[in-house]
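Student: One structure coming up, written as structure tokens, with questions to follow.
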Amino acid sequence: MGISEFTPRVFSGIQPSGNLTLGNYLGAVKRFVEMQDDGIETVYCMVDLHAITVWQEPAELAHNTRELAAAFMACGLDPERSILFNQSQVSAHAELGWIFNCVARLGWMNRMTQFKDKAGKNAERVSLGLFAYPSLMAADILVYHATHVPVGEDQKQHVELARDIAAKFNHDFGVAFFPEPEPVIEGSATRIMSLRDGSRKMSKSDPSDMSRINLTDGPDTISRKIRKARTDPFPLPETPGELDGRPEAGNLVRIYASLADMAESDVLRQFAGKPFSEFKPALAELAVSRLRPISEAMGRMLDDPAEVDRILAEGGDRAAAIADPILDRTFEILGMIRSRTRKR
Ligand code: TYM
């Protein structure tokens with residue numbers, strides 16, 4: 001099903017697994033905020049059911065979920081204009097996730113590169129949930145009939161899997177029920193790299209804290225991490241094309257462009273011929289000026305966890321009001337008897 005027959009709706013999610021990074025901010029949350037004002041309904045989720053695919057300490061999971069909610073709002077997501085909630089409060093995700101486990105084929109899941117990266121040599125010992133996770137992700141999106149999914153580059157394959165699942169479901173049951181959602185991967189920050197190694201993605205789970213900037217880092221830490229970021233000995237070039245083959249330099253330029261809302265070519269126009277010893281302090285100053293208000297606002301919101309929980313409850317109610325009828329119709333398509341009147 002093309003998406004043109006469906007009312008446009010945006011859905012995306014982030015795992016509350018701690019250490020929200022500059023990559024998550026520039027590649028995802030900043031885009032979520034921009035899309036909030038496009039006149040389309042926006043639904044943003046803290047995907048706690050995804051987080052438990054690897055071990056989470058219960059007290060930390062609760063803290064990280066509230067911290068992520070605070071980060072969403074501190075970055076500019078407004079709980080009035082967007083639906084903000086944590087996944088486990090809307091049971092339709094897990095229910096549709098199971099149905100999709102029965103639609104997705106093992107061969108499709110075996111091709112998921114993120115699973116291979118995360119499981120590594122340990123594939124026999126990781127949870128079944130880690131393997132099945134892209135089918136839960138498809139359910140997250142499709143239980144809202146979402147049409148647009150803003151994500152970083154690393155999630156593209158998973159959104160494509162959601163399209164395959166939607167198409168197979170529609171084909172198997174002879175319906176035109178689920179849309180095939182489009183990944184929205186735009187801007188200069190779709191793949192922010194580690195500050196220590198330009199060939200690896202900046203990641204919350206990298207063992208080296210120096211490899212990433214966390215949204216909770218203070219100004220001194222941010223400046224130190226940028227000062228120590230790996231670069232090459234050459235000055236900044238005049239055009240973006242000349243950054244090919246210079247992954248660390250390209251990464252810092254893209255971070256600058258995205259933080260400043262500038263084109264990469266304009267950043268280079270400003271800094272062409274300058275050494276990194278001049279570019280890095282400018283980048284550090286820019287990063288601090290953008291991130292400090294965010295971490296301060298997060299701190300204020302976390303002082304009142306009951307208010308955060310209230311916002312998540314309200315978002316959960318609004319999310320369930322969309323998802324539950326779609327799930328009910330899915331059960332009906334499958335031929336399942338749903339004769340209870342009181343559901344939960
Ligand atoms: P997660 O929690 O790993 O990452 C959240 C978002 O941040 C983006 N991102 C990056 N973007 C640019 N550069 C980086 N270095 C970087 N690191 C992370 C990710 O692409 C993502 O957009 N499976 C998802 C969460 C999820 C989801 C969904 C997303 C669950 N259900 C439904 C969309 C729709 C994940 O683990 O993202």
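The values are calculated or read from the model by the stated rules, or taken from the named source; none is laboratory data. Predicted, not measured: the structure shown is a model, and the values here were computed from it. Cβ: placed from backbone, ideal geometry, glycine included. Neighbour counts: every protein chain shown. The accessibility values were calculated without ligands, DNA or RNA, using every heavy atom of the protein model including side chains. Shrake-Rupley method; radii C 1.70, N 1.55, O 1.52, S 1.80 Å.
Student: Per the Kirkwood definition applied to all pairs of different Cα atoms, how many angstroms is the hydrodynamic radius of the chain?
Tutor: 21.2 Å
Student: Also, quick follow-up: Filter the GluC sites (Glu not before Pro) in segment 131-224 to those in DSSP coil with at most 14 other Cβ atoms within 10 Å of their Cβ, and list the result.
Tutor: When the GluC sites (Glu not before Pro) of segment 131-224 are filtered for loop state and at most 14 Cβ neighbours within 10 Å, GLU186 remain.
Student: Still on this structure, please answer the following. So if the hydrodynamic radius of segment 210-255 is defined as the Kirkwood radius over C-alpha pairs, what does Stokes-Einstein give as its diffusion coefficient at 20 °C and 1.002 mPa s, in µm² per second?
Tutor: For these conditions, the coefficient is 182 µm²/s.
Student: Then there's this: Please give the solvent-accessible surface of CYS102 in Å², to the nearest 10, using a probe radius of 1.4 Å with every protein chain present.
Tutor: About 80 Å², ignoring ligands and nucleic acids.
Student: Of all DSSP beta bridges in the chain, what percent run antiparallel (nearest 5)?
Tutor: Of the beta bridges lying entirely in the chain, close to 10 percent run antiparallel.
Student: If you rank LYS168, LYS116, LYS156 by how much accessible surface each has, with a 1.4 Å probe, what is the order from largest down?
Tutor: So the residues, ranked largest to smallest area, are LYS116, LYS156, LYS168.
Student: Considering amide H positions built from the backbone, and no H for Pro or chain starts, which residues 5 or more places from GLU41, or on another chain, come under 5 Å of its amide H?
Tutor: Here VAL10 satisfy the definition.
Student: Here's something else I'd like to know. Accessible area of GLU60, 1.4 Å probe, to the nearest 10 Å²?
Tutor: 110 Å²
Student: Work out how far the C-alpha atoms of segment 23-131 reach from end to end along every principal axis, then list the three figures in whole Å, largest first.
Tutor: Sorted from largest, the Cα extents of segment 23-131 read 43, 32, 27 Å.
Student: I've got another one for you. Rounding to the nearest 10 and keeping the result within 0 to 90°, find how far the Cα-based axis of helix 58-74 lies from the longest principal axis of the chain.
Tutor: 70 degrees
Student: Now a separate question. Over segment 159-288, average the accessible area per residue using a 1.4 Å probe and give it in Å², no decimals.
Tutor: 45 Å²
Student: Related question: Please pull out the direction-averaged projected area of segment 217-299, using the convex hull of its alpha-carbon atoms, in nm² to one decimal place.
Tutor: Taking a quarter of the hull surface, the average projection is 5.2 nm².
Student: By how many degrees, between 0 and 90 and to the nearest 10, does the Cα long axis of helix 156-173 differ from the longest principal axis of the chain?
Tutor: 20 degrees
Student: For segment 146-277, compute Rh as the Kirkwood radius over C-alpha pairs and then the Stokes-Einstein diffusion coefficient at 20 °C and 1.002 mPa s; write the answer in µm²/s, rounded to an integer.
Tutor: Taking Rh from Cα pairs, D becomes 126 µm²/s.
Student: Quick one: Karplus J couplings for segment 105-116, per residue in order, coefficients 6.51, -1.76, 1.60, θ = phi - 60°, nearest Hz, x for Gly and Pro?
Tutor: For segment 105-116, the Karplus curve yields 9, 4, x, 5, 5, 5, 8, 6, 5, 5, 4, 4 Hz.
Student: Could you state the per residue volume, in Å³, of the convex hull enclosing the Cα atoms of segment 61-124?
Tutor: 163 Å³
Student: Follow-up. With Rg and the Kirkwood Rh both taken from Cα atoms, where does Rg over Rh land for segment 1-71?
Tutor: 1.05
Student: I would also like to ask the following. Residues of segment 20-149: accessible area per residue at 1.4 Å, in Å²?
Tutor: 41 Å²
Student: Once the Cα gyration tensor of segment 248-344 is found, what semi-axes does its equivalent ellipsoid get, as square roots of 5 times the eigenvalues, in whole Å, sorted largest first?
Tutor: Working from the Cα gyration tensor, I get semi-axes of 49, 22, 8 Å.
Student: Still on this structure, I have one more. Near the amide H of ASP217, under 5 Å away, which other amide H atoms are found, from residues 5 or more places off or on another chain, if H is placed in the peptide plane?
Tutor: none
Student: Oh, and also: Could you pull out every residue, at least 5 positions away or on a different chain, whose amide H is within less than 5 Å of the one on GLY13? Hs are placed 1.01 Å off N in the peptide plane, and Pro or chain starts have none.
Tutor: For GLY13, whose amide H was placed from the backbone, the distant partners under 5 Å are CYS45.
Student: For the pairs LYS121/LYS225; LYS116/LYS156; LYS156/LYS228; LYS118/LYS201; LYS118/LYS204, flag any whose C-alpha to C-alpha distance is greater than 21 Å.
Tutor: Flagged as over cut-off: LYS121/LYS225; LYS156/LYS228.
Student: Can you run the Rg to Rh ratio on segment 56-213? Use alpha carbon positions and the Kirkwood inverse-distance Rh.
Tutor: 0.97
Student: If you don't mind, another one. At q = 0.18, 0.31, 0.33 Å⁻¹, what base-10 log of I(q)/I(0) does the Debye formula yield for segment 91-134 when every alpha carbon is treated as an equal point scatterer in vacuo?
Tutor: -0.55, -1.14, -1.20
Student: Angle check, please: helix 305-334 long axis (alpha carbons) against the longest principal axis of the chain (alpha carbons), in degrees 0 to 90, nearest 10.
Tutor: The helix 305-334 is inclined about 50 degrees to the chain.
Student: In whole Hz and in residue order, list the ³J(HN,Hα) couplings for segment 199-209 that follow from phi through the Karplus curve 6.51 cos²θ - 1.76 cosθ + 1.60, θ = phi - 60°; x for Gly and Pro.
Tutor: Result, ordered by residue: 9, 10, 5, 5, 9, 5, 9, 4, x, 8, 5 Hz.
Student: Counting only protein heavy atoms, what percent of the accessible surface of the chain is carbon or sulfur at a 1.4 Å probe?
Tutor: 50 percent
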